[in-house]
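This report refers to the structure that appears directly beneath it.
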Amino acid sequence: MDKLKILVVDDESRMRKLVRDFLKKKDYEVIEAADGEEALDYFFEDKSISLIICDVMMPKINGFEVVKEIRQYSQVPIIMLTAKGEESDELNGFDLGVDEYISKPFSPKILVARVEAILRRSNSLVAGEVLEAGGIQLDIAAHEVKIDGSPISLSFKEFELLTYFVMNQGVALSREKILNNVWNYDYFGDARTIDTHVKKLRSKLGEKGDYIKTIWGMGYKFEVGEQ
């Protein structure tokens with residue numbers, strides 16, 4: 001079986017080497033890019049990249065611009081690295097379609113664990129299964145969503161979140177439960193990650209977004225009914 005390929009984008013060579021060495025220990029193939037321009041060149045040349053780890057602050061083209069460009073053509077999972085830790089930066093990244101956010105300095109072992117979690121989940125969602133609920137159709141294998149027959153574009157995480165909601169119709173889901181099942185790691189933060197993704201998902205679903213009910217003080221429930 002071919003090794004899964006990861007693109008690591010950072011202008012600091014020491015940081016790239018640190019991440020590369022830990023990923024190679026887990027038998028991933030690693031491609032390195034020193035700036036955003038180089039990253040885009042590599043990405044559009046190589047269609048087999050499974051995941052991107054991208055720094056925010058970089059010369060030529062910054063990380064946000066890289067994500068913006070890639071998201072026009074691909075929903076490949078993207079982990080952003082940032083030294084800032086600013087809330088506005090994280091929300092900006094999520095709005096662009098970033099799947100994970102890790103602040104520097106970070107533990108390489110934690111980064112690898114998150115990489116494995118994302119790839120494990122993205123590779124497990126390949127069963128030839130189609131889920132349907134109230135005019136929403138999810139093709140798991142193709143990673144496609146249709147609303148009343150019309151396709152819509154979701155990021156990797158939005159697709160996973162919607163899949164989790166549809167598979168747990170009528171069940172009250174706490175934010176912690178959603179984080180553990182969709183993000184698949186212990187999340188040491190607040191609820192902004194989930195709330196941001198739910199807000200975007202509701203928007204993309206249009207009137208079907210009303211199926212996602214807010215349970216104040218707890219989390220959410222997906223329920224098909226009168227809108």
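At R0 = 41 Å, how high is the FRET efficiency between LYS213 and ILE110 if r is their beta carbon distance? Nearest 0.05 is fine. In this case the efficiency is close to 0.80. In sequence order, the stretch 158-167 has phi-based couplings of 4, 5, 4, 5, 5, 4, 5, 4, 5, 6 Hz under the Karplus curve 6.51 cos²θ - 1.76 cosθ + 1.60, θ = phi - 60°, and Gly or Pro positions carry x. Once backbone amide H atoms are built at 1.01 Å from N, VAL30 has ILE6 as its partners under 5 Å, excluding neighbours fewer than 5 places away on the same chain. Between the helical axis of 87-96 and the longest alpha-carbon principal axis of the chain there is an angle of about 70 degrees.
Ranked by the mean number of other Cβ atoms within 10 Å of their residues, highest first, the peptides 28-38, 43-53 fall in the order 28-38, 43-53. Here GLN137 and LEU18 are evaluated by their C-beta separation; at R0 = 45 Å the FRET efficiency comes out at 0.60.
In order along the stretch 196-205, the phi-based Karplus estimate (6.51 cos²θ - 1.76 cosθ + 1.60, θ = phi - 60°) of 3J(HN,Hα) comes to 5, 5, 5, 4, 5, 5, 4, 4, 6, 7 Hz; Gly and Pro are listed as x.
The mean accessible area for residues of the chain, using a 1.4 Å probe and ignoring ligands and nucleic acids, is 49 Å² per residue. Note that the stretch 22-38 has calculated 3J(HN,Hα) couplings of 5, 5, 5, 4, 8, 6, 8, 8, 10, 10, 10, 10, 8, 7, x, 5, 5 Hz, one per residue in order, obtained from phi through the Karplus relation 6.51 cos²θ - 1.76 cosθ + 1.60 (θ = phi - 60°); glycine and proline are x. Compared with the direct C-alpha span, the chain from LYS25 to LYS68 gains 12.4 nm at full extension, assuming 0.36 nm per residue.
The values are calculated or read from the model by the stated rules, or taken from the named source; none is laboratory data. Everything quoted here is computed from the prediction, not taken from an experiment. Glycine gets a Cβ as well: all are built from the backbone with ideal geometry, and neighbour counts include every protein chain shown. Surface areas here come from the heavy atoms of the whole protein model, side chains and all, with no ligands, DNA or RNA. Shrake-Rupley method; radii C 1.70, N 1.55, O 1.52, S 1.80 Å.
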